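Data first, discussion second: the structure below is written as structure tokens.
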Amino acid sequence: MATESGLLPGVPPLAPAVLVDDVVQRGAERAVHSQRALVLRWSLLLLLFWTPVLILATAFELLLWRTGESWTISRVLDVQRRDPGRLFLRRYLDQGLYRYKFLGMLERRPAILALGSSRVMRFRAPMFGDSANFYNAGGLIQNLDDLESFVRLTPDTAMPRVIILGIDMWWLNDNDRSPEGLTSGIAFDGASSWKSQLLTAREMLMTRGALVGAIAAVSPRTGAGDGIGLAARERGEGFRSDGSLTSARRPPENADWHFVDRENPIIPDRIRQGIDRFEPAPALSLARLARLRNVLTTLQRRGVLILGFNPPFSADGAAALESDPRQRELWREYRTGVPALFTELGLPFVDASTTGALGLDDRYMSDGFHAEETFHLYLLRRFAADPRVAAALPGMGAAVERAIASSKTDYWYADFPGR
Amino acid sequence: MTFTTPTFLVFLVVMFATYWLLDRKGQNLLIFAGSLVFYAWWDWRFLGLLLLSAGIDFVVARLLQRTTDPGRRRAFLGVSLASNLGILGFFKYFNFFVGSFAHMLTSLGMHADTSTLRIILPLGISFYTFQALSYTIDVYRRQLDAVDDPVQYFCFIAFFPHMVSGPIQRATHLLTQFGKQRRFDESDAADGARQMLWGFFKKMVVADNLAPMVSAAYSHASTASGSELLWATYAFAFQIYCDFSGYTDIAIGCAKLFGFHLTRNFAYPYFSRGIVEFWRRWHITLSTWFREYLYIPLGGNRVATWRKHLNVFIVFVVSGFWHGANWTFIAWGGLHGFFYLAEPVIGLRAPSRDLNHDHARFSTGDLLRIFVTFQLVCLAWIFFRADSISSGFTILHRIGSAVAAGQLGGPPRRSPFGWVVVMLVVEWLQRGRPHALAVQSWRRPARWAAYYATVAAILLFAQLQFIPFIYFQF
């Protein structure tokens, strides 16, 4: 570097050029070092600022992890495979139902599959005999779009031999605009999403007692169960390893029991208001019925026997559908058109659209449109009367009769090992 | 890559950590590479367009520098103008002109067999084109020497904090900074981080929480009530302010972390006491660009009064059109032009004060002027946000009918206006400072408490649904 020596502070006027270069070089290095020191100091201060936030976030994540709430679906399935007695139900983090049920089905490759919305979640493996390879995919199908995606996405190797399909009325309502959720739902796991984790943290912070409850759920002193997820631990309910759902609520017992619809808003109100799956429609959609037919014939071609049924409404719900002029025709055609389609295709079908259709009452319902386990025993008993079904599911009839006959079977829970 | 994603935070940390280990040339190269990655994250296919546009201007400026012949210089400038405005015109306005032409022929009773193209608008094209134009024009005017380092020039065009939505920088301001050694300044960096934090708050807590309410009303303009539309219009006024100024705060703050100073773009515009003042406080860099490169070349103030007014009006209409290829933006610009020119007539003009002394006391008259100005600005926002001119008039009519019938209700329950109030109070108290979180004079505990409160608000109340910055579409 050509520099006039006298211009630099601290350098003798007659210093050789080499020495000057050396000094300049050292000065530049010192400047760079002090610059880096400044950056480092500032970065450390920034880190210090964020430390409390990071500590809180880490503590929260550890707590969620201990409860199983933030386990990935793959891990949940893995643990349930090794320890089938453990229930899974998250409380705050996105449930990941699509992914849980679809991956669970692919993993187990069941011969018998219960398929539909949450209204088919109570079918259990023991209902089909001791050695039945059954899986409950209830919750996977919310509409016809989901059903079509299911048929498209399920490989032949995982396609079950028998599907018990619960068909909801709104699948055939042109005014139901619920979106297809299966395709994206399978790909999404809230446990791997920072947004879901943040939403969970927010909800827990805003919910009174949520954090205390979570701490209690992992404390050995409280005796909380070994469930996976906060709802499973706190309430002892959730999905069994066969995909079926168990709850911890007490069934009707005494004589003065009366039905309480736990849905919010209750089903009759939703029907009257024409909201939440009960959008008014003049009639059953023929286009949608044709799409259902396509799905059924596709499944038949792939060698699947489909057992169809209409999941039940409580007496109040059914009465509301009968009396509402905006729902009445759809309700009537749903109860005639769907069975007719199954008959036309040579497939078994049971109309279980009301509890009365099976000779039961609302004591078998836990809310306005969800029947409990025992109801499904009676439904399967009807199916078993069909020789095609009896041939396809040889162990089912005896298992169902045994459970119905048991004194330990109540209105909600059947007498099977492991509630 | 968007500022409000975790990806950007990771990118920023990596860039910052690497940047200060390098010398000036290394830093410029890093910014060059980082800006390419930043842009390609959105759509790598448009990198070529960005490089082509920047390349043409770099070469043209070098030729302008070497040539003294006025004719050739004009020709070179023409190449720059044609290429920049040609690219902008094709990608942004082609379909608009074809559609408008077809509509005009149809209304004259002629059949128009036209077809439009499915053109994707390249991100940030309006911003980087204007910035590139400012460079070649400044070199042409000999206000600036052309640079011989293409990396330095590209960094000026595509510096990642501001490339997508500004602030639009003049070459005389930013380009020269790339030619100098940057020194890390702790107080600058801290102020940058503070400004970014406030930007995130405005965007994620205020703007994004207002967005659904605005969309719900404006997408059903014909069925929404007048009251809903009125509140949605107020909501939009704050949404667009917090969205755009939030972006700007993040951009300016981010640049400070790398030792750069970008020009201020917003100066608390909703505290303006008139439309003229509003335009001194809103999107300052665009207003400055239009003044320098359109208003003054049109004659500026040195012409007859009627011509001056015409020039002002032209600038506002062009400014509206710059925002997007839709008549609604032209209407918005035209309305502002009208308000701007009418202001002295209706007596709204505020006493002239330096923006830097705005912490001075406001009189009752000032507060009234602020209120009226805000209403006028909101009136223009209706057309800016509406899908079409007719939709704008429908909204205006429904609001007017509701006002006339006395059917106006309060803001919807659970609406995010509470955050608007928080934002306004903080900005009012801090209006004498460059940004609302400029609290460097506070004691550390108070300062950190303010930061933690802002962080907590973002973590707990930010809208997590991804909502792109509004100005990305321009």
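Each value in this text was obtained by applying a stated rule to the coordinates, not by laboratory testing. Computed from a predicted structure; not experimentally measured. Virtual Cβ from ideal backbone geometry, glycine too; neighbours counted across all protein chains shown.
So what's the protein assembly as shown giving for Rg/Rh, alpha carbon basis, Kirkwood Rh from the mean inverse pair distance?
On the way: Rg = 34.4 Å, Rh = 32.7 Å.
My calculation of the ratio gives 1.05.
Which distance in nm do the two modelled labels at A:Arg36 and A:Ala290 give, with both placed 7 Å along the Cα-to-Cβ direction?
Once both label points are built, they end up 7.3 nm from each other.
How many percent of DSSP beta bridges within chain A run antiparallel, rounded to 5?
20
Give the distance, in whole Å, between the Cα centre of segment B:171-206 and the Cα centre of segment A:55-93.
Taking the Cα centre of segment A:55-93 as reference, the centre of segment B:171-206 is 41 Å away.
Starting from the Cα of B:Lys180, draw a straight line to each of the aspartates and glutamates and keep only those under 20 Å, dropping any in the same chain fewer than 8 residues away.
Cross-link targets: A:Glu29, B:Asp23, B:Asp138, B:Asp145, B:Asp148, B:Asp149, B:Asp188.
Under 10 Å, Cα contacts only: if you run a Gaussian network model on chain A, which one of A:Ala37, A:Ala137, A:Ala158 comes out with the highest mean-square fluctuation?
Among A:Ala37, A:Ala137, A:Ala158, the largest mean-square fluctuation in the Gaussian network model of chain A belongs to A:Ala37.
Can you show me the helix-derived [θ] at 222 nm for chain B, built from DSSP H runs with n ≥ 4 at -39,500 (n - 2.57) apiece and divided by the number of residues, rounded to the nearest 500.
So the calculated ellipticity at 222 nm is -21000 deg cm²/dmol.
Excluding residues on the same chain fewer than 8 positions from B:Lys203, give the lysines whose Cα lies under 24 Å from its Cα.
Reachable lysines: A:Lys195, B:Lys256.
As a test of the formula, what do you get for chain A when each DSSP H run with n ≥ 4 contributes -39,500 (n - 2.57) and the sum is divided by the residue count, at 222 nm and rounded to the nearest 500 deg cm²/dmol?
Taking each H run of at least 4 residues, the total per residue is -14500 deg cm²/dmol.
For segment B:150-199, which trypsin sites (Lys or Arg not before Pro) are both in a DSSP coil and crowded by at most 14 other Cβ atoms within 10 Å?
B:Lys180, B:Arg183
Considering only A:Gly359, A:Gly181, A:Gly166, give the residue with the highest GNM mean-square fluctuation for chain A, with springs between Cα atoms whenever their separation is below 10 Å.
A:Gly359
Can you tally the net charge around B:Ile395? Count Lys and Arg as +1, Asp and Glu as -1, for every other residue whose Cβ sits under 13 Å from the Cβ of B:Ile395.
0
Which semi-axes, in whole Å and largest first, does the equivalent ellipsoid of segment A:67-205 have when worked out from the alpha carbon gyration tensor as the square roots of 5 times its eigenvalues? If you can, show how the numbers build up before the last one.
Numbers: eigenvalues 119, 88, 35 Å².
Gyration-tensor ellipsoid for segment A:67-205: 24, 21, 13 Å.
Each residue of segment B:152-166 in turn: what ³J(HN,Hα) in whole Hz from Karplus with 6.51, -1.76, 1.60 and θ = phi - 60°, glycine and Pro shown as x?
4, 5, 5, 4, 4, 6, 10, 3, 4, x, 10, 5, 7, 9, x
Would you mind checking the tilt of helix A:97-108 against the longest principal axis of the Cα atoms of chain A, expressed as 0 to 90 degrees and rounded to 10?
Computed tilt is about 80 degrees.
So if a site counts as exposed when it's one of the GluC sites (Glu not before Pro), its DSSP state isn't H, G, I, E or B, and it has at most 14 other Cβ atoms within 10 Å, what's the longest stretch of chain A without one?
A:5-252
Which distance in Å, rounded to a whole number, links the C-alpha centroids of segment A:139-209 and segment A:295-324?
For segment A:139-209 versus segment A:295-324, the Cα centre distance is 19 Å.
Could you name the aspartates and glutamates in cross-link range of B:Lys202, using Cα to Cα under 12 Å and dropping any fewer than eight places away on the same chain?
Filter leaves B:Asp243, B:Asp249, B:Glu427.
Please give the Cα centre distance for segment B:406-474 versus segment B:267-314, rounded to the nearest Å.
Centre-to-centre (Cα) distance: 29 Å.
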